[in-house]
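Reviewing the structure listed below.
The values are calculated or read from the model by the stated rules, or taken from the named source; none is laboratory data. Small disclaimer: the values here were computed from a predicted structure and weren't measured. Note that we place each Cβ from the backbone using ideal geometry, even for glycine, and neighbour counts take in every protein chain shown. Surface areas here come from the heavy atoms of the whole protein model, side chains and all, with no ligands, DNA or RNA. Shrake-Rupley method; radii C 1.70, N 1.55, O 1.52, S 1.80 Å.
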Amino acid sequence: MIFSRIIQLVLHFSLLVSFAVTAQPDSVLLISIDGFANRYLQQYPAANIKKLAQEGLRAQSMQPVFPTKTFPNHYSIVTGLYPAKHGIVENNIFDADFDAIFRLNKAEEVTNARWWHGEPIWVTAESQGVKAATYFYPGSEAAIKNVRPSYWQRYDGNVSHNDRVDSVLQWLDLPGAERPRFLSLYFSAVDDAGHTYGPDSAEVAAAIADVDQAIGRLLAGLSQRGLYRKVNIMLVSDHGMAETPPQQVIELDQLFNSRDALLTLWTAEIVSIFPREGKLDSIYQQLSRSLPPQAKVYKKTSLPARWRYRDNNRIAPLLVVPQPGWRLIQQKTAAKYQQMAAEGKTSGSHGYDNQSDYMQAIFIGHGPAFKAGSTIPAFSNTELYNLMCRILGLTPAANDGNPAWPDTVLHSTTGS
Ligand code: AMP
Ligand code: ZN
Ligand code: ZN
């Protein structure tokens with residue numbers, strides 16, 4: 001009698017142990033579709049993306065941080081910090097202490113941890129014993145706080161979508177101890193088409209169809225593995241896209257004396273001016289007088305407070321910011337835009353005010369952690385770091401998110 005009771009207990013215990021070993025602990029797959037404007041969800045067909053939204057949870061929109069560029073926003077998503085705090089204040093950054101310039105295509109700087117402040121989710125994960133894998137993510141190629149994801153890739157925009165998806169599926173096939181619980185997947189095709197042809201183009205429609213097909217392949221692969229309802233998918237974009245007709249250009253270098261500047265970092269949507277000693281006011285005065293109403297010059301000290309874009313030496317003393325749809329250019333490129341106008345071509349841009357409708361991004365959550373079937377109000381992408389920490393059971397590093405925000409999207413049982 002006692003003997004059979006012992007057997008019963010042993011069986012019960014081993015069942016419990018085997019359940020604990022085989023149960024899939026919560027994981028997060030962060031998918032970023034660069035430049036996928038919130039309005040594209042209504043504008044274009046995308047069966048797989050919409051299926052995720054319908055079965056899961058979506059936000060009315062997700063607000064990017066200023067400036068609405070790729071690197072600042074991707075890094076805010078994974079750190080919960082505003083750019084002034086995480087240090088990636090633009091796609092092009094000058095740091096006077098390093099006397100160096102960071103650009104997306106300068107691999108030696110992008111891979112150098114000195115630029116990347118704060119703590120991205122994969123560092124939080126790895127340092128708390130959770131493996132991370134990134135199939136491309138800004139920052140993942142640098143050893144931030146001396147930590148890289150267990151699995152990561154050098155950025156190569158030529159890798160096919162299917163190869164990216166298949167690698168993520170292979171990571172999920174790894175045996176328990178090696179399997180990552182945080183994974184990322186990144187696509188740039190929609191942003192690339194939006195820049196070259198404008199947001200309302202057949203090319204953007206085709207790029208969305210391509211990315212949607214890749215997501216369909218991913219979902220089929222998850223289903224085959226019995227993981228479709230087990231992995232928590234967060235589908236996001238970094239910012240939207242505004243049409244920039246070629247007539248809407250401002251030849252900014254004609255409007256101030258460029259010799260008064262030590263350095264000017266040019267992009268169409270935000271120009272950062274580092275004046276020579278004693279020249280700040282004269283450049284500011286020249287530009288205040290001569291800029292058309294579609295662009296504004298700001299002293300760093302009087303930028304709109306809601307941008308939270310001030311307390312960092314990498315932010316230039318003077319910034320010029322145009323209205324969405326307008327482009328700041330140097331005279332030497334003017335002919336290119338005249339030619340485009342003559343040919344009836346258009347294009348697209350982002351980087352503008354993060355309150356602009358055109359710049360709003362997407363958020364879709366799908367999986368066991370999310371309250372299914374709801375649409376939540378717009379929120380800032382700085383909330384996502386706390387959300388990922390909650391799902392993964394990690395203690396978050398200090399960040400700008402509201403620690404209570406994840407409760408609005410998660411089942412009450414998720415996380416600690
Ligand atoms: P943007 O200039 O803000 O439109 O940046 C978008 C571009 O950033 C994409 O077309 C990519 O080629 C590039 N990009 C995205 N991720 C990375 C990365 N991890 N490393 C280098 N370049 C990247
Ligand atoms: Zn982007
Ligand atoms: Zn872009």
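Which of the chymotrypsin sites (Phe, Trp or Tyr not before Pro) across the stretch 87-179 are loop residues per DSSP, with 15 or fewer other Cβ within 10 Å?
PHE98
Could you work out the mean projected area of the convex hull around the alpha carbons of the stretch 286-361, in square nanometres to one decimal?
So the mean shadow area of the Cα hull is 6.8 nm².
Select from LEU262, PRO245, TYR284 the residue farthest towards the positive end of the dipole of the stretch 223-357; place +1 on Cβ of Lys and Arg, -1 on Cβ of Asp and Glu, and compute about the Cα centre.
LEU262
Explain nothing, just the number: dipole magnitude of the stretch 249-345 about its Cα centre with +1 on each Lys and Arg Cβ and -1 on each Asp and Glu Cβ, in debye rounded to the nearest 20.
220
For the chain, what is the accessible area per residue in Å², given a 1.4 Å probe and the full set of protein chains?
Here the per-residue accessible area is 43 Å².
Student exercise: in the stretch 249-345, how many lysine pairs 8 or more apart or on different chains have Cα atoms under 20 Å apart?
Lysine pair count for the stretch 249-345: 5.
Please give every one of the lysines within straight-line cross-link reach of LYS50, meaning a C-alpha to C-alpha distance under 22 Å, and leave out same-chain neighbours fewer than 8 residues apart.
Candidates past the 8-residue exclusion: LYS230, LYS371.
May I have the extent of the alpha carbons of the chain along their three principal axes, as whole Å values ordered from largest to smallest?
96, 45, 36
Rounded to whole Å and sorted largest first, what semi-axes of the equivalent ellipsoid does the C-alpha gyration tensor of the stretch 13-152 yield via the square root of 5 times each eigenvalue?
Semi-axis lengths for the stretch 13-152 are 30, 25, 12 Å.
Might you report the magnitude of the Cβ-based charge dipole of the chain about its Cα centre, with Lys and Arg at +1 and Asp and Glu at -1, to the nearest 20 debye?
Rounded to the nearest 20 debye, it is 680 debye.
Can you send over the carbon and sulfur percentage of the accessible area for the chain, probe radius 1.4 Å, protein chains only?
Summing carbon and sulfur atoms, their accessible area is 51 percent of the total for the chain.
Ignoring the sites themselves, what is the longest stretch of the chain with no GluC sites (Glu not before Pro) in a DSSP loop and at most 16 other beta-carbon atoms within 10 Å?
Segment 1-276 is the longest.
Would you compute, from DSSP H runs of 4+ residues alone, the mean residue ellipticity of the chain at 222 nm, taking -39500 (n - 2.57) per run and dividing by the full residue count, rounded to the nearest 500?
-9500 deg cm²/dmol
Find out how many positive minus negative residues lie around LEU174, taking Lys and Arg as positive, Asp and Glu as negative, among other residues whose Cβ is under 14 Å from that of LEU174.
That works out to +1.
Considering only PHE379, VAL211, ALA341, whose Cα is most displaced toward the positive end of the charge dipole of the chain, charges sitting on Cβ of Lys, Arg (+1) and Asp, Glu (-1)?
It is PHE379, whose Cα lies furthest towards the positive end.
Using a 1.4 Å probe and counting only protein heavy atoms, arrange MET62, MET340 so the residue with the most accessible area comes first.
From most accessible down to least: MET340, MET62.
How large are Rg and Dmax for the stretch 324-416 when calculated on the C-alpha trace, in angstrom?
Cα only, the stretch 324-416: 20.4, 60 Å (Rg, Dmax).
Add +1 for every Lys or Arg and -1 for every Asp or Glu among the other residues with Cβ under 15 Å from the Cβ of MET388, and state the total.
Taking every Cβ under 15 Å from that of MET388, the sum is -3.
Where the centre of each part is set by its Cα atoms, how far does the stretch 19-87 sit from the stretch 168-200, in angstrom?
Centre-to-centre distance over Cα atoms comes out at 11 Å.
Less than 15 Å Cβ to Cβ from ILE329, Lys/Arg counted +1 and Asp/Glu -1: what total charge do the surrounding residues give?
Charge balance near ILE329 sits at 0.
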